[in-house]
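Right, one structure below, let's go through it.
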Amino acid sequence: MKIKIEEITSVIKQEIEQFSSELEISEVGRVLEVGDGIARIYGLSKAMAGELLEFDTTEGAVMGQVMNLELDTVGAVIYGNYLAVREGDTVKSTNRLLEVPVGDALLGRVVDPLGHPLDGGTPIDTGGLTRKLDIVAPGIAYRQPVKEPLQTGIKAIDSMIPVGRGQRELIIGDRKTGKTAIAIDTIINQRDWWGTPDAVVCIYVTIGQKESTVVAAVETLRQHGAMDYTIVVSAGAADPAPLQYIAPYAGCAMGEHFMWQGKEGKTPKHVLCVYDDLSKQAQSYRQLSLLLRRPPGREAYPGDVFYLHSRLLERATKLSQKHGGGSLTALPIIETQEGDVSAYIPTNVISITDGQIYLQPELFAAGVRPAINVGISVSRVGAAAQIKAMKEVASHLRLDLAAYRELEAFAQLGTELDPASQKQLDRGARMVELLKQGQYMPYDAIDQCISILAGARGFLDDLKLGDVHAFERDLLDAMRGPHKDLRTKLAQAESFKGLEDEFTEALREFKANWQPAAAVTG
């Protein structure tokens, strides 16, 4: 019998290949030192930066990630229960990067940065869908200019500091000046678009907040029907620094899943990511870096703290039609100390973003809510992110309010004003009153245009300040009642061109018949 060498060789090769695929080969190291969510590991000579690690502890597997590559050891952060990790525990490299679950199953849920539910609901089944936590942002070839408005429902923002889909707009100010309120109102305002092609999925990331604060925010969103399209990613004040550090990236990855759906043949969605707030993320990253013995720089922050935020915010984009046309809008929040916008972290994030909404404590205390300082607030996208009707009525609003603030400061000296200056002062005061807005009361874009038109055309000039909001409320009711057809024309055209005379006549007629509630009851 003749031996067929080729046949035997091929059988042996097949057996070896099958055996190799079943055999799990992983590099193993040991924990030398552990504490405060940081581990120093010996033996992982082939570990890569950012690689996911698995700690074998007495309480089960705990995940970690390589942060420092040193001569003999590896510095790693631990995600989850770092108290379970002991010196001498074995650590396996996984050859994977950190991933988070993504998909529709997360909508309406409160999760931690690793995608585990925190709301006491059922386990989340995303069907195995995951996305890499930290990726390189889409390049210029993947993008198109920002030109679609993301309506916040806040008159002062939509008229003077508009936000576009795909933009990065910073909300900055001292604590307790209404930063989170603006973000929550913007999320609530997306309710009317849910279920339409313009639907906006909202990701609300809380970093270093008290659990009671997060619960209150979630309850507010639920009461206003906003949780149907919102994912809340929470890394609380009691959570370890590593979880606070990765929370914004986790939220961004969850949002990118919806943004890229157009590339997969589905309807792309627009995404709004709120990072509340990145000051606390920077502090948690500083803590990690100091524990890893990285060299401290200015204010003890590591040298790459700018990169920490830039690689996150660069992922906000408006994709080109070729790549689906979805968008991801970022609203990062930064807390200042005593209004110091020139501090290290605030200036870093200001230079990364496309504008900032600055909230001033003095205005907040004076009852101007939202307390937006229009002097140093800016949107670098500007009128490109407004509907035509808003451009037409609000083009001079910012300059008029800035001039009013200067004139107001001058008038406080007790100087007598000429009639023209007094008229400008009266109109400015009423426009400031008109732009005040209650919390959780977002305005429709067409209603905003009608209100600002009434103020800009002088229909509020002779009203008492206390009557401005009653006049506005009754005017908007009339525009949905007797003048419904005119409002419908404006909503369809999204421009006042050809409708100016009709609106002026309607406003004049309404003003002639309107009386304050006190005068009616009297």
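The values are calculated or read from the model by the stated rules, or taken from the named source; none is laboratory data. Note that the structure is a prediction, hence the values are computed from the model and not measured. We place every Cβ from the backbone using ideal geometry, glycine too, and count neighbours over all the protein chains shown. To get the accessible areas, we keep the full protein, side chains included, count just its heavy atoms, and leave off ligands, DNA and RNA. Shrake-Rupley method; radii C 1.70, N 1.55, O 1.52, S 1.80 Å.
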Exercise. Working only within region 293-329, note down all residues that are open to solvent by 10 Å² or more (accessible area, probe 1.4 Å) and not in a helix (DSSP H, G or I).
Key: R293, R294, P295, P296, G297, Y301, G303, D304, E314, S320, G324
Quiz item: Before we move on, is A383 crowded, with 19+ Cβ neighbours inside 10 Å and either touching a strand residue (DSSP E or B) at 6+ places or on another chain (Cβ under 8 Å) or farther than 30 Å from A216 by Cβ (or both)?
Solution: no
Quiz item: Residues in region 358-376: is at least one in a helix (DSSP H, G or I), of a type outside the set (F, W, Y) and closer than 25 Å to V200 by Cβ?
Solution: no
Self-check item: Where a residue in region 253-282 is open to solvent by 10 Å² or more (accessible area, probe 1.4 Å) and its partner, wherever it lies, is aromatic (F, W, Y), with Cβ under 7 Å and at least six apart
Solution: K269/F258
Self-check item: region 252-278: number of residues that are assigned to a loop (DSSP other than H, G, I, E, B) and either in contact with an Asp or Glu (Cβ under 6 Å, 6 or more places away or on another chain) or hydrophobic (A, V, I, L, M, F, W, C) (or both)
Solution: 1
Practice problem: Would you be able to tell me the number of residues in region 199-242 that are over 15 Å from D112 (Cα atoms), hydroxyl-bearing (S, T, Y) and part of a strand (DSSP E or B)? | Solution: 0
Quiz item: If you take the residues of region 42-82 that are farther than 16 Å from P242 by Cα and of a type in the set (D, E), which of them is least open to solvent (accessible area, probe 1.4 Å)?
Solution: E70
Practice problem: Identify all residues within region 166-198 that are in contact with a helix residue (DSSP H, G or I) (Cβ under 8 Å, 6 or more places away or on another chain), open to solvent by 10 Å² or more (accessible area, probe 1.4 Å) and not in a helix (DSSP H, G or I); write none if there are none. | Solution: R168, D174, K176, G178, W194
Quiz prompt | Matching option when the condition is closer than 30 Å to E338 by Cα and crowded, with 16+ Cβ neighbours inside 10 Å, among L363, L460 | solution = L363
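This table checks each residue for (1) in contact with a helix residue (DSSP H, G or I) (Cβ under 9 Å, 6 or more places away or on another chain); (2) surrounded by fewer than 19 Cβ atoms within 10 Å (Cβ to Cβ); (3) of a type in the set (A, V, I, L, M).
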position: E433; (1), (2), (3): yes, no, no
position: Q439; (1), (2), (3): yes, yes, no
position: D444; (1), (2), (3): yes, yes, no
position: Q448; (1), (2), (3): yes, no, no
position: G455; (1), (2), (3): yes, no, no
position: L465; (1), (2), (3): yes, yes, yes
position: K497; (1), (2), (3): yes, yes, no
position: L507; (1), (2), (3): yes, no, yes
position: K511; (1), (2), (3): yes, yes, no
Quiz item: Within region 389-401, is even one residue hydrophobic (A, V, I, L, M, F, W, C), open to solvent by 30 Å² or more (accessible area, probe 1.4 Å), in a loop (DSSP other than H, G, I, E, B) and free of Cβ contacts under 8 Å to residues at least 40 places away in the same chain?
Solution: no
Quiz item: Within region 136-149, is even one residue polar (S, T, N, Q), open to solvent by 20 Å² or more (accessible area, probe 1.4 Å) and either within 29 Å of A343 (Cα to Cα) or in a loop (DSSP other than H, G, I, E, B) (or both)?
Solution: yes
Exercise. Kindly indicate whether T152 is part of a helix (DSSP H, G or I) and touching a residue at least 12 places away in the same chain (Cβ under 8 Å).
Key: no
Quiz item: Across region 76-115, which residue is modelled with the lowest pLDDT among those that are under 23 Å from G255 (Cβ atoms) and basic (K, R)?
Solution: R96
Quiz item: Which condition number in (1) polar (S, T, N, Q); (2) out of contact with any Gly (no Cβ under 9 Å at 6 or more places or on another chain); (3) in a helix (DSSP H, G or I) is the one that Q281 fails?
Solution: (2)
Quiz item: If only one of G108, G115 is open to solvent by less than 30 Å² (accessible area, probe 1.4 Å), in contact with a helix residue (DSSP H, G or I) (Cβ under 6 Å, 6 or more places away or on another chain) and at positive phi, which one is it?
Solution: G108
Self-check item: Residue list for region 338-349, filter: part of a loop (DSSP other than H, G, I, E, B) and within 21 Å of the chain's Cα centre (by Cα)
Solution: V341
Practice problem: Starting from region 453-482, take each residue that is closer than 10 Å to R427 by Cα and touching a residue at least 60 places away in the same chain (Cβ under 8 Å) and list its partners that are open to solvent by 30 Å² or more (accessible area, probe 1.4 Å) and among the aliphatic types (A, V, I, L, M), counting only C-beta distances under 8 angstrom and pairs at least six apart or across chains. | Solution: none
Self-check item: Boolean, T317 is within 26 Å of I187 (Cβ to Cβ) and in contact with a Cys (Cβ under 8 Å, 6 or more places away or on another chain)
Solution: no
